[in-house]
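The values are calculated or read from the model by the stated rules, or taken from the named source; none is laboratory data. Computed from a predicted model, the values in this text were never measured in an experiment. Here the Cβ positions follow ideal geometry from the backbone for every residue, glycine too, while neighbour counts run over all protein chains shown. With ligands, DNA and RNA removed, areas are computed over all heavy atoms of the protein, side chains included. Shrake-Rupley method; radii C 1.70, N 1.55, O 1.52, S 1.80 Å.
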Amino acid sequence: MSLLETLAGKGLRREPPTRDEALAVLATSDDDILDVVAAAGRVRRHWFGRRVKLNYLVNLKSGLCPEDCSYCSQRLGSQADVLKYTWLKPEEAADAAAAGMAAGAKRVCLVASGRGPTDRDVDRVADTIAAIKERGDVEICACLGLLRDGQGERLAEAGAHAYNHNLNTSEGVYGDICTTHDFSDRQDTVRKSKDAGLSPCSGLIAGMGETDEDLVDVAFALRDLDVDSVPVNFLIPFDGTPLAERWALTPQRCLRILAMVRFVNPDVEVRLAGGREIHLRSLQPLALEIVNSIFLGDYLTSEGQAGKADLEMIEDLGFEVEGTETPSMPEHRRAETVSVRRRGAGTALPPNA
């Protein structure tokens, strides 16, 4: 049996590949790229059909971050010419979110620069969540940096569905891209969000100079954390950042990375995220055969392709936008996510204490 047949079969059984098999995907030739996409596509369609989940980013607070992540245009010391502003008011954020919701976004991702939220920041985000939910039925994913004890629970109580905190790269090279926090800090926040009842969202950035081994390491680290969604970003090399000259990706390389992530995490939401337009270029439609989720429109500090073009791409492929009434996750994973409280205050059952 060929490598790709083996990996597709394992994916249908929720069985992880070996590290050597995952590395072999990244080592396939450009001549084999359609076969790689087809094998990963079998796994994608088995667990998610032909649905595409749309996500929409709202940058609540832009720039002036004290962390020194080398890839980030908002980092400490960044000379990138990006927007810089303090917290949006809840109604301003709700207006921005409404545009994405009107285009079919099922999830709104609320992002704020910084090391992590203060308790006052959590209150701000809670007010913003309430303002957005007045506009319609939408999932909220918060992305506010490193969480402290109790903050995830407060976000869940406010109506957040998920929390995003990317691992970004492997533990072995994390210190090469950031010195103000470490890999274990990021792992800890993912675990805190999960313990709080939030759906854990964590992914990676490819194209920062990492090796194939690093990419496989981070894909398996995400599997070990048992996250529900994995955003795959491709480095946007902003002028004014340490990685400004790092143009190391080809469209075929991006497709191989996406396929490897799908094989390692077969039944989770794999999201095509930042940098897809500039690195995949005309091969973006092929990526949708592997992923089941994309960001619609613009990103945090860079513009994406027009939302209308995204919707046309989905339609041209014969895919359909995932509706709010359709569960995103396969049934066996839905049972493992948020448990609604049915005991304690307001019920006839004793509290969990």
Checklist outcome for this item: Here, Ala38 and Met1, labelled 7 Å along Cα→Cβ, have an inter-label distance in nm of 1.8
Checklist outcome for this item: Between the modelled labels at Lys89 and His332 (7 Å from Cα along Cα→Cβ) the distance in nm is 5.0
Checklist entry - How much accessible surface area, in Å² rounded to 10, belongs to the heavy atoms of Ser282 with a 1.4 Å probe? => result 100
Next on the checklist: Please report the accessible area of Glu15 (heavy atoms, 1.4 Å probe, ligands and nucleic acids excluded) in Å², nearest 10.
Outcome noted: 70
Item to check | Of all accessible heavy-atom area on the stretch 1-89, the percent that carbon and sulfur account for (1.4 Å) | outcome: 53
Checklist outcome for this item: About its Cα centre, the stretch 1-81 carries a charge dipole, from +1 on Lys and Arg Cβ atoms and -1 on Asp and Glu Cβ atoms, whose size in debye to the nearest 20 is 720
Item to check | Cβ-defined net charge surrounding Ala130, 12 Å radius [Lys, Arg +1; Asp, Glu -1] | outcome: -2
Checklist entry - How much FRET efficiency would the formula 1/(1 + (r/R0)^6) give for Leu23 and Arg281, where r is the Cβ-Cβ distance and R0 is 30 Å, rounded to 0.05? => result 0.70
Checklist entry - Lys/Arg Cβ at +1, Asp/Glu Cβ at -1, dipole of the chain taken about the Cα centre: which of Gly49, Gly136, Ser282 is farthest positive-ward? => result Gly136
Checklist entry - What is the extension gain from Asp182 to Glu157, computed as 0.36 nm multiplied by their sequence separation minus the C-alpha to C-alpha distance, in nm to one decimal? => result 6.2 nm
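Give me the net charge of Val291's neighbourhood, meaning all other residues with Cβ under 10 Å from the Cβ of Val291; Lys, Arg count +1, Asp, Glu -1.
Values: positive: Arg44, Lys53, Arg262, Arg271, Arg276; negative: Glu269, Glu289.
That sum, taken over residues with Cβ under 10 Å, equals +3.
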Checklist entry - For the stretch 237-324, what % of the accessible area comes from carbon and sulfur atoms, probe 1.4 Å? => result 50
Item to check | Placed amide H near Glu322: partners under 5 Å, 5+ positions off or other chain | outcome: Val52, Lys53, Leu54
Checklist entry - In a GNM of the chain with a 10 Å cut-off on Cα contacts, which of Ala309, Ala156, Ala93 has the highest mean-square fluctuation? => result Ala309
Item to check | Size of electric dipole in the chain: Cβ of Lys, Arg +1 and of Asp, Glu -1, about Cα centre, debye, nearest 20 | outcome: 920
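At 1.4 Å probe radius, can you tell me the per residue accessible area of the chain in Å²?
Computed with neighbouring chains in place, this is 42 Å² per residue.
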Checklist entry - Say we join alpha carbon atoms closer than 10 Å with springs in a Gaussian network model of the chain; which of Arg253, Arg135, Arg45 then has the biggest fluctuation? => result Arg135
Next on the checklist: Report, in listed order, any pair from Lys84/Lys308; Lys106/Lys308; Lys61/Lys89 with a Cα-Cα distance greater than 21 Å.
Outcome noted: Lys84/Lys308
